[in-house]
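Comments concern the structure below.
Laboratory data are not the source of any read-out in this text; all were calculated from the coordinates shown. Just so it is clear, the structure is predicted and the values come from calculations on it, not from any experiment. Neighbour counts are summed over all protein chains in view; Cβ atoms, including those assigned to glycine, are modelled from backbone coordinates with ideal geometry.
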Amino acid sequence: MKILCITGMPCAGKTTAINFLRSKFSVVSMGDAIRKEMKEKNISEDMREYSTDIRKKDKCYVAKICIPELKKIQNAEICIVDGIRNYEEIEEFGKFYDVTLIAIHASPKKRYERFVKRMRTDDNLTYEGFIRRDINELSWGLGNVIALSDLIIQNEDDDVDKFREQLITKLKIDKQK
């Protein structure tokens, strides 16, 4: 099975891409795997803090807990993995699968506009706080992953149809699927 690993900074458009790709492929979410583990282990720590802690101990840990989910997917030629944060995760997946790393990119200014509009409960940061949050995510190795991506898809516009067309074209997706 080939896996398309999606990465990018917060609010770059990863969720929009995943929601579109979900209609065509199975999706394994690294964030969902962390949430599931936290629930099973009755961990009430903030997910961001927990993710940072486990990645400090083992940079491949989240990939490792996703591999059983990938193994459950039968007869799929392609699967999407959402939430790559460091290159070690790519290397872990590469032990078992043919991996293509795809980064979704948008400028910090555009991402902050989206951040303010999405109104999640943890999205109450100033622009400076947003940049500090970016720096924290970059400390996990996210910048390396983006720089080493096989494909970078720009998402600077707010035109969802245009973004979907880019995904279809760049990923060579059959529109009829």
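Taking a point 7 Å from the Cα of Glu156 along the Cα-to-Cβ direction, the residues of region 13-41 with backbone N closer than 16 Å to it are 13. Phi angles across region 61-72 convert, under the Karplus curve 6.51 cos²θ - 1.76 cosθ + 1.60 with θ = phi - 60°, into 3J(HN,Hα) values of 3, 5, 4, 4, 7, 8, 4, x, 5, 5, 5, 6 Hz, Gly and Pro given as x. Amide H contacts under 5 Å for Val28: Ile80, Val81, Asp82, restricted to partners 5 or more places along the chain or on a different chain, H placed in the peptide plane at 1.01 Å from N. Maximal additional length on extending the Asn144-Thr15 stretch stands at 44.4 nm, based on 0.36 nm per residue less the C-alpha distance.
Enter the Cα centre distance for the pair region 63-132 and region 1-33, rounded to the nearest angstrom. Measuring centre to centre over Cα atoms gives 6 Å. In order along region 152-160, the phi-based Karplus estimate (6.51 cos²θ - 1.76 cosθ + 1.60, θ = phi - 60°) of 3J(HN,Hα) comes to 10, 10, 6, 9, 8, 7, 9, 9, 4 Hz; Gly and Pro are listed as x. Residues within the reach of a label modelled at Lys71 (point 7 angstrom out along Cα to beta-carbon, backbone nitrogen below 17 Å), restricted to region 80-110, are 92-98. Distances between every pair of Cα atoms in the chain, grouped in 5 Å steps from 0 to the bin holding the largest one, split as 1, 8, 17, 21, 21, 17, 11, 4, 1, 0 percent. Every helix of 4 or more DSSP H residues in the chain counts as -39500 (n - 2.57), and over all residues that averages to -15000 deg cm²/dmol at 222 nm. Partner lysines whose Cα lies under 23 Å from the Cα of Lys56, excluding those fewer than 8 positions away in the same chain, are identified as Lys36, Lys39, Lys41, Lys64, Lys95.
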